[in-house]
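As structure tokens, the structure follows; a few thoughts come after it.
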């Protein structure tokens, strides 16, 4: 599966550690990097995930994630969750058309007090990957768009990707 740019992962983890969340929702679990990393530094943290492509979920995911919901983040029933301190949408937003991404981010902001997203802020085309059409980048975001249209603040420009918080 495609992975996020490694240069954004360290800054994202450092930001998450500053928040000291107790219950995290990871949108687009993928390889499970964020859940596994969070559990490694805080074994008592509760991590939930949403993943649209079930083939990405491996047995070791269940060591880090309390539960992984299989489905589309755009239509997920977030009202079924409670007590979420932080939502991570790492390298997810670019897989939505702009209007759908705006609607998703606005919904996520209403679910938790903190939201962080990472996404490419330089030209980064991508198509499907091993049959997964959901890997296609449907909108190329700029920092200005993320700040104005998604209402997110740039925390760090990591080169290819940006790290943003609500």
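Scanning the stretch 146-156 finds no residues that are at pLDDT 95 or above, under 16 Å from residue 26 (Cβ atoms) and not in a strand (DSSP E or B).
Do the conditions hold for residue 11, that is, is it surrounded by fewer than 22 Cβ atoms within 10 Å (Cβ to Cβ), touching a residue at least 12 places away in the same chain (Cβ under 8 Å) and closer than 25 Å to residue 143 by Cβ? For residue 11, the condition - surrounded by fewer than 22 Cβ atoms within 10 Å (Cβ to Cβ), touching a residue at least 12 places away in the same chain (Cβ under 8 Å) and closer than 25 Å to residue 143 by Cβ - is met. When the residues of the stretch 101-122 are filtered to those that are surrounded by fewer than 15 Cβ atoms within 10 Å (Cβ to Cβ) and within 19 Å of residue 137 (Cβ to Cβ), the one that is modelled with the lowest pLDDT is 122.
The values are calculated or read from the model by the stated rules, or taken from the named source; none is laboratory data. All values reported here derive from a predicted model rather than from experimental measurement. Every residue, glycine as well, gets a Cβ built from its backbone with ideal geometry; the counts of neighbours run over all protein chains shown.
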